[in-house]
Structures are given as C-alpha cells and as structure tokens.
Amino acid sequence: MMNVDLLFRERLRRFSKEVVLYGQYMANGGVLMVAVFLTGLLAYYYPSLVQAIPVWFPVPVALSFVIALFVTKSPHRTFLLEADLLFLTPAEAKMDRYFRKTQIYNFVVQSIGLFLVLLLLMPLYKATMGPAGAQLWLYWGVPFILKGWNVYSSWITMRLPDKNQYALYTLVRFGITFYLLAWMLSEGQLLPYGVFIWMGLLIWFHIRLQRISKGHAYQWYRLLEVENGLRLRFYQIANQFRDVPSLQQRVKSRKWLIWTARLIPYRKANAGRILFLKSFLRSGDLAGMYIRIVVISSLLMLILPGVLVKAAFALLILFLSAIQLKGIGSQVRHQSRSSLLPIDEQQQKSAALWGRRVLLVVQATVHILVVLFAVS
Amino acid sequence: MAALLEVEGVTGGYVSSRAVIEDISFHIQEREIVALIGLNGAGKSTIIKHILGLLEPREGEIRIAGKTFSGSPETYRHTFGYIPESPIYYDELTLWEHLELAAMSYGLDKKVFAERVQPLLKEFRMEEARDRFPRQFSKGMRQKLMIMMALMVQPSLYIVDEPILGLDPLGIRTLLTWLERCKEQGAGILMSTHILATAEKYCDRFIILHKGRIKAQGTLDELRRITGMPNHSLDDIYLHLVEGE
C-alpha cells in the first residue's frame with residue numbers, strides 16, 4: 001500500500017531542504033543589499049508618485065487589475081518527478097489526497113506573495129480612497145478568499161487536455177476575480193448591478209468545473225511540465241548566487257534576436273563564433289540576465305540626475321557585466337558534444353572572448369544612446 | 001595503395017587490468033562496406049572508440065589514411081565521418097543550423113553546402129523539421145540528423161555505429177542507398193550492426209567479433225569456405241561461429 005501522506009511529507013521536506021540551502025547563499029550574496037537599496041529608493045519616491053496620479057485616473061480599477069493579476073496567477077507546484085509517470089499513475093485514484101495537500105501548499109505560498117503586493121499597494125489605496133473600518137477588513141480579506149478559490153478552480157481546469165481551453169478558463173477566472181475586486185474597492189460604485197451577472201457567471205463556471213472534473217483525468221504530462229518549469233525557475237534564481245548542479249538549461253528559440261547571428265559571414269574561421277553567439281542568444285538564463293541588466297540599468301539611468309552620475313552608473317554596470325560574462329566562456333560543455341564538430345578548444349575560447357567583447361560594446365552603446373537621449 | 005583505415009594488433013579497453021578487445025587487426029579499403037558484427041558486449045563500440053581516438057590502445061596501432069591519432073590529434077578527427085549510436089547534438093541549434101555549422105566547420109564552400117543540403121533534407125524527409133530543435137525530435141529523427149551531418153561532409157571514411165536501430169524503414173533504405181553511393185564514389189565504410197540480413201545484403205566484407213576477439217573475417221564466400229557451410233546465410237554462419245564455444 002502506498003502512503004500518499006508520507007510521500008507528500010517526503011517531497012516537501014526535500015524541497016524545503018533545497019530552499020534552506022540556497023536561501024543561505026542568497027542571504028549572503030550582495031544582491032540582497034541591492035534589493036534593500038531599491039526598496040529604500042522606492043519608499044523615498046512613493047509619496048511623490050502617489051501625488052502625481054491625476055484625479056481622473058480610475059485608481060480602484062487599476063488597483064483591482066494589479067491585485068487580480070496576482071490573485072489569478074496560480075501556478076501549481078506538485079513536487080512530481082519524472083519517474084512518477086511510471087510509478088504513481090497506477091495509484092491515480094489515491095493521488096487526490098496528495099494533490100489536495102499540494103493545493104494547500106500552493107495557497108499558502110502564493111498568499112505570502114499576495115500579502116506583500118497588498119502591503120505595497122496599501123499606501124496608494126489609503127491615500128486616494130481613504131478607506132476605513134469594514135472597507136479595510138475587506139481589502140485584507142477578500143483577495144485571500146479569491147486566491148483560495150483561484151487555486152481550487154485552476155487546479156480543476158488543469159485537467160483540460162487542450163491548452164487553449166485552459167487559457168480561456170484562466171481568462172474567465174481573471175474576469176470573475178477582477179470584477180469582484182473592482183466592485184469591492186469602488187465600494188459598489190462600479191457597475192452596481194453587474195453583481196447579478198457576476199453571480200450568474202460564477203454559477204455557470206462552477207457547473208463547467210464539475211463537468212471537467214468528471215470528464216477528464218489528470219494530465220500527468222502537463223502537471224510534470226508545469227512542475228519542471230517552476231522548479232527550473234527556482235533553480236535559475238538560486239543559480240544567480242550559486243551554481244546549481246541540477247539546472248537543466250531550457251532553450252528558447254528567440255526568433256527576434258537570432259538574426260543577429262546571421263550577420264556573421266559564412267566562413268570556416270567563424271564557426272566557433274556562430275556557435276557561441278547562437279548558444280548565448282538561445283540560452284534561457286544567460287541572455288535573459290544580460291537583456292534584463294541592459295534594460296533595467298537603462299531605465300535607472302533615465303531617472304538618475306546629472307550626466308556625471310549617469311556615466312558613473314554606466315561604468316559600474318559595465319564592470320559588473322564584465323564580471324558576470326566572464327563565466328560564460330568557461331561554462332562546462334557537454335563532453336561528448338566536443339567531438340561532434342571539428343571546432344577545437346582554442347577556437348571555442350577565442351570565440352567566447354570575442355563574444356564577451358561584442359556584448360559589452362553593445363551594452364555600452366545602448367547606455368551612451370540613453371545618456372544622449374536624456375540630455376537632449 | 002594504403003588502406004583508408006588500418007587496425008593492427010590492437011588490444012585495449014577501459015581499465016588496464018582487463019582488456020575488452022584483444023589483438024584486433026583489420027583494414028578498410030576504398031570502395032567497400034565492411035560490417036562489424038557481434039553480440040551485445042562483444043566489443044564493437046570499444047573498437048569504434050579506439051578508432052575515433054577516444055580510447056588509447058594498449059598495444060597495436062590504428063592509422064587513418066596513414067596517420068595515427070597521437071601523431072596528429074588536431075586533424076585526425078576531421079578525416080572521417082562518424083555516425084554515433086546515440087545522437088549527440090547542441091540544444092541551442094536547429095536542424096538547419098546544425099547542418100550549416102557542420103559544413104562551415106569542415107570548411108565546405110557555401111555553394112557546396114547549398115547544393116548538398118537540399119537533396120539530403122528531401123531524401124530523409126526532414127524538410128519540415130528544418131527549423132525545429134533536436135530536443136523535440138524522436139530518436140529516429142535525431143539519428144537522421146547525425147546521418148545527414150556526416151553525409152554532407154562527404155569524407156572518404158565513414159564510421160557508422162548501429163545505424164539502423166530507431167530508423168524507420170524508409171530512413172533505413174535511404175541511408176543504405178546513400179552509403180552505397182558514397183562507396184561507388186570511392187569511400188570506405190565501417191558499419192557496426194547486429195542486423196545480419198541487412199549486413200549480408202549491403203556489406204562486402206564481414207568482421208565477426210566474439211568476446212573481444214575476431215573469430216573470422218572475409219567476404220561471405222570466404223566465411224563459407226572457412227566454416228565449411230557452402231550454401232548457408234550469414235545468419236547461420238554467425239550462429240555456428242559463436243555457438244561453437
């Protein structure tokens with residue numbers, strides 16, 4: 001007999017061990033300081049930001065929209081492993097209990113995130129709407145109830161074999177969530193009678209849910225895909241602080257970027273460069289990190305006062321990028337792949353050196369353009 | 001005329017205390033397909049690893065076009081085309097990009113690449129997969145990618161490890177016709193397999209390997225003469241040879 005309770009506890013224990021392990025590295029890293037710094041910056045600018053909101057701006061609707069996004073997004077961690085497709089599928093009927101536990105886990109974890117979002121938006125809400133008493137209780141209560149409902153109902157729609165249909169149901173979930181939040185935050189002002197339509201929609205939605213849970217079995221491959229995606233994301237974040245050995249790189253096709261690699265002329269000597277650039281552009285984490293650094297630093301440079309401060313900041317970022325990019329050349333290549341093509345080690349090394357230079361030049365060029373734009 | 005591939009008295013394996021293959025000698029000339037036949041664990045892949053220069057022989061010597069691996073490690077591996085048993089590929093490159101990069105790194109002219117790539121894609125029926133990533137491929141399609149990369153370069157020697165497993169029937173036929181065409185144009189091919197019916201039909205000579213040693217080698221007629229089984233198939237001869245122990 002299989003004990004699913006024990007299984008869940010075991011899986012959760014294994015994951016929390018990883019969280020603690022990588023959590024230590026994250027806490028030690030300098031990035032924490034950056035986060036604190038950014039939070040401070042935000043706290044400083046927040047009041048003036050709230051003041052800058054024009055009177056005609058529909059604050060309740062915008063607030064509800066943002067909160068609804070976080071409430072509706074309910075990714076399901078299930079702690080499934082590849083081998084479970086073979087070993088757990090026979091016990092499918094007993095897995096209901098297991099999945100109920102993962103749902104509770106997901107609700108709790110996502111509620112923490114939701115709490116932070118509500119905390120962040122609270123001053124804005126208070127300053128513009130001036131809520132009091134019951135209204136405040138609603139602000140702190142209703143989003144969590146909706147979160148629970150979203151976790152519950154999205155779990156059922158995960159049984160749909162068709163991804164497009166799942167997306168459609170997600171949209172309906174968002175609509176239901178958004179309307180209730182907007183109605184609540186505007187104190188019933190927004191489409192007051194819409195509530196009846198909303199109730200009808202809710203009842204219809206639940207009838208559909210019933211039908212789905214009767215008509216479809218668990219989509220094991222999809223569950224595993226979602227689980228792997230979420231696990232990968234965790235590893236990718238942790239990987240910024242410490243090399244994660246089990247990190248499987250996900251490759252993205254990035255059609256909008258890959259044309260740059262085609263600019264390199266067809267020549268035997270360029271094979272290493274093309275391999276390097278394409279590998280870089282399609283890598284999930286490296287290119288993503290690089291693009292984020294360039295975009296975020298450019299935005300920050302627009303805010304920062306004075307040309308000199310901007311230039312100093314650009315230099316700092318360039319320095320940081322150079323250090324970060326240094327690692328990518330020495331990335332461990334899969335041993336067997338080295339015999340696939342006659343591109344020797346020397347050629348690969350010089351290609352990586354060339355690639356790093358190109359990336360730094362591109363970054364510097366973007367920053368110079370930003371400064372020129374900001375000054376003019 | 002020197003043979004394309006010469007294996008002379010090679011003994012080797014993974015650990016020094018135990019030899020997986022012992023005293024292996026054979027050669028491959030231009031215009032011939034030679035089959036390396038043996039049970040699982042007979043030492044086929046070990047021999048191939050030695051030829052590729054991935055394992056170093058403890059005794060004996062391996063020469064491709066007269067050159068040993070230790071003599072010219074940079075260029076040795078470019079002198080033959082290798083089709084591995086389990087496909088290896090770059091996750092970040094599409095099928096087309098693999099072919100293009102292979103052509104580029106082997107120093108093929110862009111025009112030559114353009115001429116060769118279309119017929120390959122067409123005959124292996126991979127045109128629709130040209131912009132997809134090998135990770136999404138089935139085993140057979142990945143195998144086809146390996147085959148196409150090797151065939152496009154058109155080396156004078158091919159080392160083919162279990163090419164038939166995982167390929168669909170049309171793929172097998174296309175591969176074998178291509179290899180025959182390469183042979184007619186002067187290439188030599190070493191093919192490891194345990195599908196004897198196919199080997200009998202397409203290969204000129206056979207090397208029968210058993211427990212790390214060569215039991216017999218030669219053309220089908222020669223093997224028949226050695227075993228004294230004049231009208232038997234390769235299958236029968238092979239079973240007779242290895243079951244005798």
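Where a number appears in this text, it was derived from the coordinates with a stated rule and is not lab data. Not measured: the values here are computed from a predicted model. Here the Cβ positions follow ideal geometry from the backbone for every residue, glycine too, while neighbour counts run over all protein chains shown.
Some observations on this one:
- HN-Hα J in Hz across region A:10-23 - Karplus 6.51, -1.76, 1.60, θ = phi - 60°, x for Gly and Pro: 4, 5, 5, 4, 4, 5, 5, 4, 5, 4, 5, 4, 6, x
- Net charge dipole size for region B:87-154 [Lys, Arg +1 and Asp, Glu -1 on Cβ; Debye, nearest 20]: 220
- Each of A:Ala182, A:Ile207, A:Pro192 was scored by the projection of its Cα onto the charge dipole of region A:176-233, and the greatest displacement toward the positive side belongs to A:Ile207; charges sit on the C-beta of Lys, Arg, Asp and Glu.
- Within the same chain, lysines fewer than 8 places from A:Lys101 are excluded, and of the rest, those with a Cα less than 26 Å from its Cα are A:Lys17, A:Lys73, A:Lys147, A:Lys163, A:Lys214.
- As a calculated quantity, the FRET efficiency between B:Glu127 and A:Leu138 at R0 = 51 Å, using C-beta atoms, amounts to about 0.25.
- In this label model, B:Val112 and A:Asn164 are separated by 4.7 nm, measuring between points 7 Å along each Cα→Cβ vector.
- The phi-based Karplus calculation (6.51 cos²θ - 1.76 cosθ + 1.60; θ = phi - 60°) puts the 3J(HN,Hα) values of region B:8-23 at 10, x, 7, 10, x, x, 8, 10, 6, 6, 10, 7, 7, 10, 10, 6 Hz, whole numbers, x for Gly and Pro.
- Largest mean-square fluctuation among B:Arg225, B:Arg142, B:Arg205, in a Gaussian network model of chain B whose springs join Cα atoms under 10 Å apart, belongs to B:Arg225.
- Exposure proxy order (Cβ contacts within 10 Å, fewest to most) of B:Cys182, B:Cys203: B:Cys182, B:Cys203
- One quarter of the surface of the convex hull around the alpha-carbon atoms of region A:4-236 equals 15.2 nm², the direction-averaged projected area.
- Theoretical gain in end-to-end length, A:Arg262 to A:Ile237 [0.36 nm per residue, Cα-Cα removed]: 5.9 nm
- For B:Lys215, the residues whose modelled amide H falls within less than 5 Å of its own, excluding neighbours fewer than 5 places apart on the same chain, are B:Ile208, B:Leu209, B:His210.
- Each of B:Ala197 and B:His78 was given a label point 7 Å from its Cα along the Cα-to-Cβ line. The distance between the two points is 4.3 nm.
- Chain A, relative contact order [Cα under 8 Å, separation at least 6], %: 17
- Comparing B:Ser156, A:Leu7, A:Val108 along the charge dipole axis of the protein assembly as shown, the residue lying farthest to the positive side is A:Val108, per the Cβ-charge model.
- Those residues of region A:344-376 whose amide nitrogen sits under 16 Å from the label point placed on A:Ala311, 7 Å along Cα→Cβ: A:364-365, A:367-376
- Under the membrane-span-like helix rule (DSSP H runs whose alpha carbons stretch at least 18 Å along the helix axis, mean Kyte-Doolittle hydropathy -1.0 or higher), chain B yields B:110-123, B:139-153, B:169-184.
- Net charge dipole, chain B: roughly 240 debye, given to the nearest 20, about the Cα centre with Cβ charges of +1 for Lys and Arg and -1 for Asp and Glu.
- B:Leu55 long-range amide H proximity, modeled H, under 5 Å: B:His50
- Using C-alpha pairs below 8 Å separated by at least 6 residues, the relative contact order for chain B is 27 percent.
- Neighbour-count ranking [beta-carbon atoms within 10 angstrom, fewest first] of A:Glu18, B:Glu100: A:Glu18, B:Glu100
- Size of charge dipole - the protein assembly as shown - debye, nearest 20, with Cβ of Lys, Arg +1 and Asp, Glu -1, no other charges: 2220
- Computed label-point distance, nm, for sites B:Asp91 and A:Val66 using a 7 Å Cα→Cβ extension: 3.6
- Of the trypsin sites (Lys or Arg not before Pro) in region B:48-134, the ones in a loop by DSSP (not H, G, I, E or B) with at most 14 other beta carbons within 10 Å are B:Arg58, B:Arg125, B:Arg130.
- Across the options A:Leu275, A:Gly23, B:Ile207, the greatest Cα extent toward the positive end of the charge dipole of the protein assembly as shown (unit charges at beta carbon of Lys, Arg, Asp, Glu) belongs to A:Gly23.
- Diffusion constant of region B:9-158 at 10 °C, which comes from Stokes-Einstein with the Kirkwood Cα-pair radius and 1.306 mPa s, µm²/s: 93
- Phi-based couplings in Hz for region B:67-75 (Karplus 6.51, -1.76, 1.60; Gly and Pro marked x): 10, 9, 5, 5, x, 8, x, 6, 9
- Of the residues B:Phe69, A:Phe57, A:Phe234, the one with the fewest other Cβ atoms within 10 Å heads the list, and the complete ranking is A:Phe57, A:Phe234, B:Phe69.
- Centre separation in Å (Cα based) which lies between region B:206-245 and region B:1-33: 18
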